[in-house]
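Below is one structure, written out as structure tokens; the observations come after it.
The values are calculated or read from the model by the stated rules, or taken from the named source; none is laboratory data. Quick caveat, the model's predicted, so the values are computed rather than measured. Neighbour counts run over all protein chains shown; Cβ positions are idealised from the backbone, glycine included.
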Amino acid sequence: MKKLLLLLVGIGVTAGCFYWSMKGVNVEEFRDSFRTANYWTLPAIFLLLFLFYWLKAIRWSWMLQPIEKLRPRQLFSPVMIGFAANNVLPAHLGEFVRVFLVGRRYSMSATTVLSTVILERVFDVIAILGLFVVSLQFADELPPEYNEVVIYLATGAAAFVIFTSAFLIWTEGSIRLFSVVLKFVPFVREGMRESLVSMMESAGEGLNVLRSVRAILAIVLNSFVQWVLNGLIAYLALQAFQIPVAPTDGLIFTAILAVAVMIPSTPGYFGLVQGAFKMSVLVLGIHASESRVFAASMYYHMSMYIPVTLTGLYFLSNENLRLRDLGRIAKESE
């Protein structure tokens with residue numbers, strides 16, 4: 001019953017986001033946008049996409065280094081399989097798929113591997129929020145109705161970075177404080193509190209493998225570069241459709257998109273990507289037709305979705321596994 005409810009919610013969110021993002025779209029102008037698009041941006045997008053995921057493999061190898069000395073090329077295929085699984089499975093279950101693959105291939109504890117994946121998300125959030133706040137300084141004057149929202153987001157970003165820094169330095173104390181604070185939050189029930197604290201402990205376990213400040217700084221830098229590349233992909237997709245944006249605007253698109261994909265939806269983030277593009281254009285006050293914005297969002301989405309999914313499925317076949325095996329693996333690894 002719970003899975004059915006989540007499925008219905010996901011379908012509703014996807015349909016609602018698609019409906020909103022397509023309001024005002026003219027079919028003929030949408031087609032014309034693709035006819036006049038600059039497809040020479042595709043090679044650059046594919047190169048940036050490869051570098052983005054290769055950097056993820058490098059970062060993961062650094063995190064696993066004290067446990068098992070693995071090269072990035074050994075982790076690249078599990079990374080691609082995991083992100084391909086995210087494109088075809090709900091609820092980010094691809095993370096569990098890559099944990100299973102690495103644990104099985106190298107006889108590693110699934111809990112330990114999962115803790116590094118959770119820690120990855122922490123560093124990703126730091127990088128995304130940091131770049132978002134910085135990119136806002138280069139944005140043109142925002143519409144008045146968004147100024148207050150931006151202030152709240154910037155404050156939240158700063159608070160998160162401060163808390164995460166404290167967590168990196170005083171891990172055990174931060175977990176205890178987090179647990180105490182949750183007891184006073186009325187809508188967080190006991191079961192949810194235990195789950196959240198358990199996630200913090202898993203991230204802390206992953207952090208324990210990083211004994212070097214130098215290693216942490218390298219991982220932070222790697223994370224920032226990853227999301228700069230992702231922002232450049234968004235920038236190129238918008239430029240391909242003659243939408244006037246600056247390279248730093250791509251970072252704002254990426255930050256809004258990163259928040260959007262956390263909302264429950266159908267696999268592949270369909271509707272959410274399109275809604276995030278439209279929201280970004282509104283926030284930045286960019287003058288562009290809704291048809292072109294929608295076309296650019298589809299171009300961006302497909303230029304990432306198709307190569308990632310196909311590459312992941314190729315590596316999956318090398319593991320003697322099939323697409324139907326992904327759901328079973330994810331369920332067993334949860």
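Within segment 216-235, residues that are under 22 Å from Phe253 (Cβ atoms) have Cβ atoms under 7 Å from residues that are among the polar types (S, T, N, Q) and modelled with pLDDT under 95 in these pairs: Trp227/Thr254; Asn230/Thr254; Gly231/Thr254; Ala234/Thr254, counting only partners at least 6 apart in sequence or on another chain.
So, Val228, is that one assigned to a loop (DSSP other than H, G, I, E, B), crowded, with 17+ Cβ neighbours inside 10 Å and either over 15 Å from the mean Cα position of the chain (by Cα) or not polar (S, T, N, Q) (or both) or not? Here the answer is no, as Val228 does not meet what is asked. Can you find a residue that is modelled with pLDDT of 95 or more, more than 30 Å from Arg105 (Cα to Cα) and among the β-branched types (Val, Ile, Thr) anywhere in segment 43-51? Yes, the conditions are met somewhere in segment 43-51. Tell me, yes or no, whether segment 83-91 has at least one residue that is buried (at least 21 other Cβ atoms within 10 Å of the Cβ), farther than 23 Å from Val220 by Cα, among the small types (Gly, Ala, Ser) and touching a residue at least 12 places away in the same chain (Cβ under 8 Å). Yes, there is a match, as at least one residue in segment 83-91 is buried (at least 21 other Cβ atoms within 10 Å of the Cβ), farther than 23 Å from Val220 by Cα, among the small types (Gly, Ala, Ser) and touching a residue at least 12 places away in the same chain (Cβ under 8 Å).
Here Ser202 meets the list (1) at pLDDT 70 or above; (2) of a type outside the set (D, E, K, R); (3) buried (at least 17 other Cβ atoms within 10 Å of the Cβ) almost entirely, failing just condition (1).
Residues checked against (1) surrounded by 16 or more Cβ atoms within 10 Å (Cβ to Cβ); (2) over 30 Å from Gln65 (Cα atoms); (3) at pLDDT 80 or above:
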{"site": "Thr112", "(1), (2), (3)": "yes, no, no"}
{"site": "Thr116", "(1), (2), (3)": "yes, no, yes"}
{"site": "Ala127", "(1), (2), (3)": "yes, no, yes"}
{"site": "Leu136", "(1), (2), (3)": "yes, yes, no"}
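When Gly16, Gly10, Gly24 are checked against the criterion of being small (Gly, Ala, Ser) and buried (at least 18 other Cβ atoms within 10 Å of the Cβ), Gly10 stands alone in meeting it. Remark: Gln274 matches the filter, which requires a residue to be part of a helix (DSSP H, G or I), modelled with pLDDT of 85 or more, under 19 Å from Phe34 (Cα atoms) and not charged (D, E, K, R).
Give the number of residues within segment 72-102 that are among the small types (Gly, Ala, Ser), at negative phi and at pLDDT below 85. Going through segment 72-102 one residue at a time, the tally reaches 1.
Of note, Val9 does not satisfy the criterion of being at pLDDT 85 or above, in a helix (DSSP H, G or I), more than 19 Å from Tyr300 (Cα to Cα) and not polar (S, T, N, Q). Total residues in segment 59-71 satisfying the condition of being at pLDDT 90 or above and in a helix (DSSP H, G or I): the figure is 4. The residue that is modelled with the lowest pLDDT, among those in segment 245-270 that are within 18 Å of Val308 (Cβ to Cβ) and small (Gly, Ala, Ser), is Ser265. Residue under question is Phe76, and the condition is that it be over 25 Å from Ser265 (Cβ atoms), of a type in the set (Phe, Trp, Tyr) and crowded, with 19+ Cβ neighbours inside 10 Å; does it hold? So Phe76 fits the description; yes.
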